[in-house]
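Below: the structure, in structure tokens.
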Amino acid sequence: MLNLTSQQQHNCSAPINRARQFGFTLAELLVVIAIVGILATFAVPGIQGVLAEANLRQQTDALMTDMRYARSMALRRGLSVNICASANPTDATPTCTTSNPNWATGWIIFIDNDNDNQFDSTEELLRRQEDTSSDSGGIDTGTGGSSGQPPSSFRFNREGRTTGLQSSFIFKSRTSQTELDRAICLSTTGRIRVTNAGVTACS
């Protein structure tokens, strides 16, 4: 027969302690939701600003990189290289925009054999850029063209110089944060530079 000590009998007869249940009350949950809502109110504008800045920087870099590429090809090949705004840059035979250029729709770079500022099927297409427009902003205004717009096209000659007036391409944020705006400046000597954020004047 199994004999139990008094201590063992006490342990056997002691009630089993159930694990404590953890959780939130409805009031606590509502407080947490309210705090998250307040934090989101301050966080969303900041996130929008970061995204807008990154988008403008990406678009600025894309155009500036292609400008430098066009100039380097003109110097290397000893030929006139043209870069122009295009509404259909991905077509088999894209065309240059001749008036009211919207560079945000894209552009093309080509060897302009006849110096007519237009791409012909017999000419060599060097590079094309697809639509860069975005809700965050993009090329808005500029100088060197007509009606406060950048030129619809420009050409680098064999010496790497451009023909025409000094031009600028101004990128503006659609979040109305002027401190994000910047510009690409193109001089007649072929020098290409980008301004600091918040600066849109090339002088």
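Here's the yes/no breakdown for (1) among the polar types (S, T, N, Q); (2) touching a Pro at 6+ places or on another chain (Cβ under 7 Å); (3) modelled with pLDDT of 85 or more:
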{"site": "ASP120", "(1), (2), (3)": "no, no, yes"}
{"site": "LEU126", "(1), (2), (3)": "no, no, yes"}
{"site": "SER136", "(1), (2), (3)": "yes, no, no"}
{"site": "PHE154", "(1), (2), (3)": "no, no, yes"}
{"site": "PHE171", "(1), (2), (3)": "no, no, no"}
{"site": "LEU180", "(1), (2), (3)": "no, no, no"}
{"site": "LEU186", "(1), (2), (3)": "no, no, yes"}
{"site": "ARG193", "(1), (2), (3)": "no, no, yes"}
{"site": "ASN196", "(1), (2), (3)": "yes, no, yes"}
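Hey, can you tell me all the residues within region 78-118 that are outside any loop (DSSP other than H, G, I, E, B) and either at pLDDT below 95 or touching a helix residue (DSSP H, G or I) at 6+ places or on another chain (Cβ under 8 Å) (or both)? Outline the logic, then answer.
Our first condition is that a residue be outside any loop (DSSP other than H, G, I, E, B); within region 78-118, this holds for 81-85, 103-105, 107-111.
Result: VAL81, ASN82, ILE83, CYS84, ALA85, TRP103, ALA104, THR105, TRP107, ILE109, ILE111.
Among the residues in region 33-49, are any at negative phi, surrounded by 13 or more Cβ atoms within 10 Å (Cβ to Cβ) and either at pLDDT below 60 or assigned to a helix (DSSP H, G or I) (or both)?
Yes, there is a match, as at least one residue in region 33-49 is at negative phi, surrounded by 13 or more Cβ atoms within 10 Å (Cβ to Cβ) and either at pLDDT below 60 or assigned to a helix (DSSP H, G or I) (or both).
The values are calculated or read from the model by the stated rules, or taken from the named source; none is laboratory data. This structure is a prediction, so every number in the text was calculated from the model and none was measured. Neighbour counts run over all protein chains shown; Cβ positions are idealised from the backbone, glycine included.
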